[in-house]
Structure formats: C-alpha cells, structure tokens
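Have a look at the structure below before the remarks.
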Amino acid sequence: MLKTKDWIYLYLEKTEGTFLTKKLIEIFSKNKFEKIGKHTTQKSIENIPKIITIRDPNSYYFSLWTYELEKKGNFYKKIKLIYPNKEDLFFAEKTKDSFSYFLDFALNYPLFKPNKNIYRFNSWIPGSSYVYTSRILRMLIPRAEKKRFSEQIKSDLSLESLNKNLIKFIPEIILRTSSLNDYFHYYYKKNKLNFLNLPKGWETLFPLNALPINKSKFPSSLNEKLISKEIFFSSYHKDLIEFKCKLALLLIEKAKSKLSK
C-alpha cells in the first residue's frame with residue numbers, strides 16, 4: 001500500500017503492483033508518502049480516494065503458477081509448508097496437467113493446516129473465497145471493519161451480496177492490469193486523477209509504452225510466440241474460475257463502467 005494524506009494505492013499481489021508503485025514513487029519521491037509497503041492493509045476507513053489494480057482471473061492464476069515454477073512467492077511457500085506432497089505435482093513439470101492440478105488446488109483448498117489454524121488471521125474471510133478473492137478482500141476491507149464485514153456478508157459471495165456489502169469499500173479508480181498504462185493516462189485525460197496532483201512532466205516517467213516489471217516467465221519448454229497460454233486452461237477450470245472469482249470480475253466490470261462514463 002502507498003498512502004499519502006490525500007490518497008491511497010492498494011497494492012494487490014500479481015496485478016503489476018510493483019510496477020505502479022515504482023512509477024508513483026518516481027513521480028512523487030518517497031517523501032510524499034506516509035506509508036510504503038507491498039502488502040500492508042488499511043487500518044480503518046479513510047475518506048480519501050483509493051486506487052487498485054485488478055487482473056483478469058485467468059491471467060492471474062496463470063501468472064501465479066508461472067511465478068511459483070521458479071519457487072517464489074508467498075503462495076508457493078504456504079503450499080510447501082502445509083501441503084509439501086503437492087509441490088512436485090504442481091511445479092515439477094511445465095505442462096497443462098501440472099497447471100490443472102495447481103488450479104484444482106488453488107480454487108478448492110483453504111490455506112490452513114488441519115487442526116492447527118495457523119492462518120486464522122484470515123478467518124473473517126468466507127472460506128470459499130480462496131487465493132485471489134481472499135487477497136482482494138484483504139486489500140479492500142480495513143482491519144477495523146473485518147468483523148462487521150464478516151457478519152454482514154456471512155458466506156454469500158454472490159454478485160448481489162458483493163455489490164451490497166462492498167459498496168463503501170470499492171476504490172474510486174480501478175486500473176486493469178492488461179491495459180494499466182492506457183487506463184492511467186485515460187483517467188488523467190478525463191480529469192479523474194486530479195486528486196493525485198500529478199506534477200508537470202510526469203508522463204516522461206510514466207509513458208504509455210512503459211514496460212511492466214517482475215513479469216512471470218512463460219514456461220521455457222514452450223514457445224510463447226507459437227502457443228497461447230489459453231491452451232493450458234480446460235473448459236472446466238475456465239468455468240470454475242468464472243464461478244469462484246466473482247469479486248475480481250465485478251471490479252473489472254466496474255472499471256469498464258467507469259471508463260464508459
């Protein structure tokens with residue numbers, strides 16, 4: 001999270017947060033920020049504009065898997081700690097089968113150790129939310145609001161329930177990772193980023209063609225130019241992701257709606 005007295009950027013893992021954080025610090029310098037931290041969360045509701053980056057769920061899970069093929073990331077560490085027998089099944093081979101096994105786990109298994117709820121600090125999050133939705137909720141819901149939010153949403157992650165219970169937590173600016181630069185520049189041209197008070201010349205530090213960093217590598221055994229990552233997804237897992245990632249899809253729709261207006 002990047003926090004100033006005027007606005008907050010909510011850093012959501014695997015959504016080009018490192019890239020945008022770097023650009024914002026380059027534009028404003030570190031002195032501008034009251035708090036700088038990758039995965040820090042909000043303490044309480046603050047009546048200032050917020051920004052979040054959001055990624056298409058299919059792309060998110062593929063990026064998560066390819067990153068962990070390199071034995072990196074918090075999710076990999078948790079799998080290795082809690083379910084060590086799964087490591088080779090998910091990450092030894094760079095194949096569609098390995099990715100399918102990984103998806104089946106990531107979309108169905110809660111990340112706690114049986115009888116030893118070592119991750120109980122996330123117990124306020126509905127158990128069916130799993131990795132991506134859990135991470136989004138941790139960014140959106142301030143710590144002081146966790147209990148109230150949990151009591152209100154219960155275990156209902158339907159679109160109707162999400163729309164009803166998240167209305168006061170949705171950031172004013174939602175940037176899609178797939179078009180992050182375009183979204184940022186477009187919002188600026190439409191005077192939607194006035195609260196940032198961007199200094200003159202910011203475009204030279206954040207041009208439209210600025211390249212992402214920390215990009216997950218495509219499996220080296222395949223040629224990315226010849227084979228699309230789409231072949232890694234079975235129709236079953238595509239449907240499962242759509243069913244279980246309603247929060248991400250809701251934010252993407254809100255991003256589209258904001259731009260269309």
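The values are calculated or read from the model by the stated rules, or taken from the named source; none is laboratory data. Computed from a predicted model, the values in this text were never measured in an experiment. Here the Cβ is made from the backbone with ideal geometry for all residues, glycine too, and neighbour counts use every protein chain on show. Surface areas here come from the heavy atoms of the whole protein model, side chains and all, with no ligands, DNA or RNA. Shrake-Rupley method; radii C 1.70, N 1.55, O 1.52, S 1.80 Å.
Given the criterion under 26 Å from R143 (Cβ atoms) and free of Cβ contacts under 8 Å to residues at least 60 places away in the same chain, identify the matching residue among K50, K78, K71.
Details: K50 fails: free of Cβ contacts under 8 Å to residues at least 60 places away in the same chain; K71 fails: under 26 Å from R143 (Cβ atoms).
One residue alone meets the criteria, K78.
May I ask you to list the residues in region 66-109 that are under 26 Å from K23 (Cβ atoms) and either small (G, A, S) or under 15 Å from the mean Cα position of the chain (by Cα) (or both)?
Within region 66-109, the first condition is being under 26 Å from K23 (Cβ atoms), and the residues that meet it are 66-68, 70, 72-75.
Selection gives Y67, G73, N74, F75.
Just give me the residues in region 163-209 being touching a helix residue (DSSP H, G or I) at 6+ places or on another chain (Cβ under 6 Å), in a loop (DSSP other than H, G, I, E, B) and surrounded by 15 or more Cβ atoms within 10 Å (Cβ to Cβ), in sequence order.
F169, L193, F206
In this structure, is K35 out of contact with any His (no Cβ under 7 Å at 6 or more places or on another chain), open to solvent by 20 Å² or more (accessible area, probe 1.4 Å) and within 20 Å of S100 (Cα to Cα)?
Working: out of contact with any His (no Cβ under 7 Å at 6 or more places or on another chain): yes; open to solvent by 20 Å² or more (accessible area, probe 1.4 Å): yes; within 20 Å of S100 (Cα to Cα): no.
Considered against the rule, which asks whether it is out of contact with any His (no Cβ under 7 Å at 6 or more places or on another chain), open to solvent by 20 Å² or more (accessible area, probe 1.4 Å) and within 20 Å of S100 (Cα to Cα), K35 comes out as no.
Could you please find all residues in region 25-34 being assigned to a helix (DSSP H, G or I), in contact (Cβ under 8 Å) with a residue 12 or more places away in the chain and of a type outside the set (F, W, Y)? Walk me through it before giving the result.
Step one: filter region 25-34 for residues assigned to a helix (DSSP H, G or I), giving 25-28, 30-32.
Restricting the remaining residues to those that are in contact (Cβ under 8 Å) with a residue 12 or more places away in the chain gives 25-28, 32.
Scanning region 25-34 gives I25, E26, I27, K32.
Is region 64-80 home to any residue that is surrounded by fewer than 18 Cβ atoms within 10 Å (Cβ to Cβ) and among the hydroxyl-bearing types (S, T, Y)?
Checking region 64-80: not a single residue is surrounded by fewer than 18 Cβ atoms within 10 Å (Cβ to Cβ) and among the hydroxyl-bearing types (S, T, Y).
Condition (residue is under 30 Å from Y187 (Cβ atoms), over 14 Å from the mean Cα position of the chain (by Cα) and open to solvent by 20 Å² or more (accessible area, probe 1.4 Å)) applied to region 50-61: is it met by at least one residue?
So far as region 50-61 goes, yes, one or more of its residues are under 30 Å from Y187 (Cβ atoms), over 14 Å from the mean Cα position of the chain (by Cα) and open to solvent by 20 Å² or more (accessible area, probe 1.4 Å).
Just checking, does region 35-53 include any residue being part of a helix (DSSP H, G or I) and not polar (S, T, N, Q)?
Keep residues of region 35-53 that are part of a helix (DSSP H, G or I), which gives none.
No: zero hits.
Given the criteria touching a Leu at 6+ places or on another chain (Cβ under 8 Å), in a helix (DSSP H, G or I) and either among the charged types (D, E, K, R) or closer than 24 Å to W202 by Cβ (or both), does T21 qualify? Quick ask: steps written out before the conclusion?
Numbers: touching a Leu at 6+ places or on another chain (Cβ under 8 Å): yes; in a helix (DSSP H, G or I): yes; either among the charged types (D, E, K, R) or closer than 24 Å to W202 by Cβ (or both): yes.
Yes, satisfied.
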